[in-house]
Structure formats: structure tokens, C-alpha cells
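These notes are about the structure you will find just below.
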């Protein structure tokens, strides 16, 4: 059982190769070797990146015969999106208030 953690999720998302892997997997499940073809690195390096994503719960690895398939798991990304959304609302409110303040100061100067 994977314990979802925002720290692990954001750490996994910090690498551009892993973000690209997530983008590719969002289009559909892929086996590791096909996923590796999209990157200028060894199969071993791609496997390590997939392990980081799997540890964060973002990717689920499954064995089908001799192939290792990967699929995207939405929950950690949904949790991260919810966390960011809370702070987006906060900053939107702050920036709206700042805009109103600056507009009011501009009107006073005229």
C-alpha cells in the first residue's frame, strides 16, 4: 500500500523527465521500453525515474508476462492540485486587493 505524501509527489514532479513521463502516461498505459524510447537516457535511468514516480504513488507498475507496464494513478496528483488550489484562491484574493488599492491611489493622484 502506498502512503500518499505531498512531499513525495512534489519531489517526483520536480524533475522535467518525470513530468514528461506523466504527460506520456496520461495518454495511455505504456510498457517501460516504449516509454524509454522518448528519452535520451538508458533504460536503467528511465526505470529509476519510474521508481520515483511509483514510490510517490503517481505511477503503478504492473508485470504482464515479460513486460513491465506503467499506468498513471490520479490520486497523488489530485491531492497536489487541491493543495495548490487553496493557495491559488489566497493569492488571487491578495492580488485583487492590491489591484484595488493601486487603482484607488491612482485615482487620488489625478
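Please treat every number below as a calculation from the coordinates, not as lab data. These numbers come from a predicted model, not from an experiment. Every residue, glycine as well, gets a Cβ built from its backbone with ideal geometry; the counts of neighbours run over all protein chains shown.
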key: Protection-proxy order for peptides 75-82, 90-97, each taking the mean of Cβ atoms within 10 Å per residue, highest first   = 75-82, 90-97
key: Within the chain, helix-based [θ] at 222 nm, where runs of 4 or more DSSP H residues each add -39,500 (n - 2.57), nearest 500   = -21000 deg cm²/dmol
note = On each of the three principal axes the extent of the alpha-carbon atoms of the stretch 6-109, given in whole Å and largest first, is 73, 26, 22
remark   = GNM of the chain, Cα pairs under 10 angstrom: of 37, 61, 89, the biggest fluctuation goes to 89
request  = Find the centroid of the Cα atoms in the stretch 23-40 and in the stretch 58-89, then give the distance between the two in whole Å.
outcome  = 14 Å
